[in-house]
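**Student:** If you scroll down you'll find the structure; I have some questions about it.
The values are calculated or read from the model by the stated rules, or taken from the named source; none is laboratory data. No experiment lies behind these values; they were computed from the predicted model shown. For neighbour counting, all protein chains shown are included, and Cβ atoms are generated from backbone atoms with ideal geometry for every residue, glycine included. These area figures cover heavy atoms from the full protein model, side chains too; ligands, DNA and RNA do not enter into them. Shrake-Rupley method; radii C 1.70, N 1.55, O 1.52, S 1.80 Å.
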Amino acid sequence: MGERFETSDGVGIVWHEWGAELAGPPVVLHHGFGANAKLNWLGAGVIAALTAAGRRVIALDARGHGESDKPHDPAFYGEDRMARDVSELIDHLGFPEFDLVGYSMGAIVSLIAGSREPRIRRLVIGGVGDGILAQGGVDTRVVDNKDIVKALLVDDPADIPPSARGFRQLADATGADRKALAAQVQVVHASRIPLEDIKAQTLVLAGDADPLAARPERLAAAIKGAQVRIAPGDHRSVVAAPQFAAALVEFLA
């Protein structure tokens, strides 16, 4: 069990820490949809790579995920609200600056946070591409969020839409609260993110076989000075690629 704090709207958020004895601004990690801090980052070797490079790491379980509270009302969700959770966690911990890494849903959260959070020093955006420009969030051109909601809520596996089967499989494999996850999917961010307001140095990091991170160079071009790195893998495998962690560590050094 990690440490816990309560957000301004009364939701308990759990966060985990590695390398607390290490000096300097922490690296805050925000996982993707249906995952949690340990599943997304610890098992993939990202946390070990960062701490080996001398970085203190803090990873939160987003609302509705992992060990954090899981309300079933969509009013408690959305990437905009999750971005506020990141800022409120930093308020709670008292850091004057930090680096922020987000993957997939966490990348959308991180872009929103980056557009308004002055304490972010460096920003790493993984698992998204030009869908951010076209959709304002997760690329629903690849998987319709209505199909994901259905996949999470139906009782008969035969009724799961094929395009969203992976989301149900992940939820079942991790014992996730499917009603909480469906509440988040119902309010996915779908409006323009003011990328021009991002002041932090930014890296866009994408898998070479990830349809949800297509054309990452277009996303990077919309963020002043942003860099692009490509690692081998699809949406589910790229985080565990050694090249992913290596690019992360190099950029954050």
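**Student:** Being modelled with pLDDT of 95 or more and polar (S, T, N, Q) is the filter here, so list the residues in segment 99-141 that pass it.
**Tutor:** Passing the criteria: Ser104, Ser110, Ser115.
**Student:** Ok, one more. Could you say which residue among Phe95, Phe76 is surrounded by fewer than 24 Cβ atoms within 10 Å (Cβ to Cβ) and out of contact with any strand residue (DSSP E or B) (no Cβ under 9 Å at 6 or more places or on another chain)?
**Tutor:** Step by step, each of Phe95, Phe76 is checked, and only Phe76 is surrounded by fewer than 24 Cβ atoms within 10 Å (Cβ to Cβ) and out of contact with any strand residue (DSSP E or B) (no Cβ under 9 Å at 6 or more places or on another chain).
Residues are listed down the side, and each one gets a yes or a no for (1) modelled with pLDDT under 95; (2) out of contact with any Ser or Thr (no Cβ under 8 Å at 6 or more places or on another chain); (3) of a type in the set (Ser, Thr, Tyr):
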{"residue": "Leu152", "(1), (2), (3)": "no, yes, no"}
{"residue": "Asp156", "(1), (2), (3)": "yes, yes, no"}
{"residue": "Ala180", "(1), (2), (3)": "no, yes, no"}
{"residue": "Gly207", "(1), (2), (3)": "no, no, no"}
{"residue": "Val238", "(1), (2), (3)": "no, yes, no"}
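**Student:** Based on this model, can you work out whether Ser8 counts as hydroxyl-bearing (Ser, Thr, Tyr), out of contact with any Leu (no Cβ under 8 Å at 6 or more places or on another chain), modelled with pLDDT of 95 or more and not in a helix (DSSP H, G or I)?
**Tutor:** Against the criterion (hydroxyl-bearing (Ser, Thr, Tyr), out of contact with any Leu (no Cβ under 8 Å at 6 or more places or on another chain), modelled with pLDDT of 95 or more and not in a helix (DSSP H, G or I)), Ser8 qualifies.
**Student:** Criterion first (over 24 Å from Leu205 (Cα atoms), touching a His at 6+ places or on another chain (Cβ under 7 Å), assigned to a helix (DSSP H, G or I) and open to solvent by 50 Å² or more (accessible area, probe 1.4 Å)) does Lys179 satisfy it?
**Tutor:** Yes; evaluated as a whole, the condition is true for this residue.
**Student:** State which residue is nearest to Ala49 (Cα to Cα) when the search covers only segment 217-238 and only residues that are open to solvent by 10 Å² or more (accessible area, probe 1.4 Å) and either in contact (Cβ under 8 Å) with a residue 40 or more places away in the chain or touching a helix residue (DSSP H, G or I) at 6+ places or on another chain (Cβ under 6 Å) (or both).
**Tutor:** Step by step, filter segment 217-238, then rank; the result is Arg229.
**Student:** Taking segment 115-127, which residues are within 20 Å of Val188 (Cβ to Cβ) and open to solvent by 10 Å² or more (accessible area, probe 1.4 Å)?
**Tutor:** Those that are within 20 Å of Val188 (Cβ to Cβ) and open to solvent by 10 Å² or more (accessible area, probe 1.4 Å): Ser115, Arg116.
**Student:** For Gln186, which of the numbered conditions (1) open to solvent by less than 60 Å² (accessible area, probe 1.4 Å); (2) in contact with a Phe, Trp or Tyr (Cβ under 9 Å, 6 or more places away or on another chain) fails to hold?
**Tutor:** Status for Gln186: all satisfied but (1).
**Student:** Restricting attention to strands (runs of 3 or more DSSP E) lying wholly within segment 55-127, give those where 1 or more residues are free of Cβ contacts under 8 Å to residues at least 24 places away in the same chain.
**Tutor:** The strands (runs of 3 or more DSSP E) meeting that bar number zero.
**Student:** In segment 151-167, how many are part of a helix (DSSP H, G or I), more than 20 Å from Ser68 (Cα to Cα) and either open to solvent by less than 40 Å² (accessible area, probe 1.4 Å) or without any contact (Cβ under 8 Å) to a residue 24 or more places away in the chain (or both)?
**Tutor:** Matching residues across segment 151-167 total 9.
**Student:** Suppose the filter is more than 13 Å from the chain's Cα centre (by Cα), more than 26 Å from Gly136 (Cβ to Cβ) and modelled with pLDDT under 95; does Ala52 pass it?
**Tutor:** So Ala52 fails the test.
**Student:** Still on this structure, please answer the following. Residues to consider are Phe167, Phe244; find the one that is at pLDDT below 95 and under 24 Å from Leu111 (Cα atoms).
**Tutor:** Phe167
**Student:** Hey, can you tell me all the residues within segment 21-33 that are open to solvent by 10 Å² or more (accessible area, probe 1.4 Å) and closer than 23 Å to Asp177 by Cα?
**Tutor:** Once the filter is applied, which keeps residues that are open to solvent by 10 Å² or more (accessible area, probe 1.4 Å) and closer than 23 Å to Asp177 by Cα, segment 21-33 yields only Phe33.
**Student:** Continuing with the same structure: Quick one: Val154 ticks every box in (1) within 19 Å of His72 (Cβ to Cβ); (2) in contact with a helix residue (DSSP H, G or I) (Cβ under 7 Å, 6 or more places away or on another chain); (3) of a type in the set (Val, Ile, Thr) except a single one, so which number is it?
**Tutor:** If we test Val154 against (1) within 19 Å of His72 (Cβ to Cβ); (2) in contact with a helix residue (DSSP H, G or I) (Cβ under 7 Å, 6 or more places away or on another chain); (3) of a type in the set (Val, Ile, Thr), just (2) comes out false.
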